[in-house]
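The values are calculated or read from the model by the stated rules, or taken from the named source; none is laboratory data. The model shown is predicted, which means the values in this text are computed figures rather than measured ones. All Cβ positions, glycine included, derive from the backbone under ideal geometry; neighbour counts span all protein chains shown. SASA here: full protein model, heavy atoms, side chains in, ligands and nucleic acids out. Shrake-Rupley method; radii C 1.70, N 1.55, O 1.52, S 1.80 Å.
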Amino acid sequence: MNKKVALIGASGFVGSAILNELLNRGYEVEALVNHPEKVKTTSPALTVKKVDVSDEKALENDLRGFENVISAYNPGWANPNIYEETLTNYPKILQAAKKAGVKRLLIVGGAGTLFVKPGVRLVDTGTLPAEWLPGVKSLGEFYLNTLIPEKDIDWVFFSPAGNLGDMGAKGPGKRTGVYRLGKDDMIFDKDGNSFISVEDYAKAMVDELAEPAHHKERFTIGY
């Protein structure tokens, strides 16, 4: 197993959890981030490099030599241009990875396109806060319109549960290693909640990297 991986968006909420999981499991990581100062983790196995994902050619050069790339790219939930930037930049990440000769691209997906019941996706239920919709819809459109038809790279789109890492009154999340995986249907627990800690999400993502079980498809997780 090639233990060298590039991680785009390593300074974010999900990206930093994946970074820690990778390092704890002996991977050599190149973190590609817009703000290197936001990466708080230090390790001899970690290289941090500033990258602007909107510069497709520069990103292609940065990804050369990597068989595996994990992307946790997110323009930022508070970014008023999140919809436009997601739909502009994620195709650039995809193209840069392909041109660089990357074999596998693992993407931190969204839950919006998961089915909550037959024929009804989460994004269409009217239950999501309005301020979330630009980010949810844009990542969903990228998955449905750009990734699904993609045949030239081995990609996965890993959708979290409906609630990722926010336990609220239940207390903080933790790495339990006990969860269920699915494909296109949102996973609910016995109380009707759809939740996964960011630590368990990161574990499952790195498991998929280490032992590929999904190819050119989406999968999901939940308790």
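How large is log10 I(q)/I(0) at q = 0.14 Å⁻¹ when the Debye formula is applied to the Cα atoms of region 141-223, each weighted equally and without solvent? Results for region 141-223 at q = 0.14 Å⁻¹ read -0.50. Here region 29-120 exposes an accessible surface that is 53 percent carbon and sulfur, computed with a 1.4 Å probe and the other protein chains kept in place. Restricting region 75-104 to trypsin sites (Lys or Arg not before Pro) that sit in a DSSP loop and have at most 15 other Cβ atoms within 10 Å of their own Cβ leaves 103. Note on residue 43 and residue 174: their simple-model spin labels are 2.2 nm apart, each label 7 Å out from Cα toward Cβ. Between residue 58 and residue 81, the distance separating the two model label sites (each 7 Å from Cα on the Cα→Cβ line) works out to 1.5 nm.
Along the Cα-to-Cβ line of residue 24, 7 Å from the Cα, sits a label point; which residues in region 44-88 have backbone N less than 20 Å from it? Those under the cut-off are 44-47, 70-72. Using R0 = 22 Å, the C-beta based FRET efficiency linking residue 181 and residue 124 works out to 0.40.
If R0 equals 25 Å, the separation of the Cβ atoms of residue 115 and residue 213 corresponds to a calculated FRET efficiency of about 0.75.
Under Stokes-Einstein, with the Kirkwood radius over Cα pairs standing in for Rh, what whole-number D in µm²/s applies to region 87-166 at 37 °C and 0.692 mPa s?
Values: Rh = 13.6 Å.
Answer, rounded: 241 µm²/s.
Remark: relative contact order (the chain) = 19 percent; criterion is Cα-Cα distance under 8 angstrom and separation of 6 or more residues. Residues in region 147-162 carry Karplus couplings, in order, of 6, 4, x, 6, 10, 9, 9, 7, 10, 9, 10, 9, 7, x, 5, x Hz; the curve used is 6.51 cos²θ - 1.76 cosθ + 1.60 with θ = phi - 60°, and Gly or Pro positions show x. Peptide packing: for 134-146, 79-91, 6-18, the average count of neighbouring Cβ atoms within 10 Å per residue gives the ranking 6-18, 134-146, 79-91, highest mean first.
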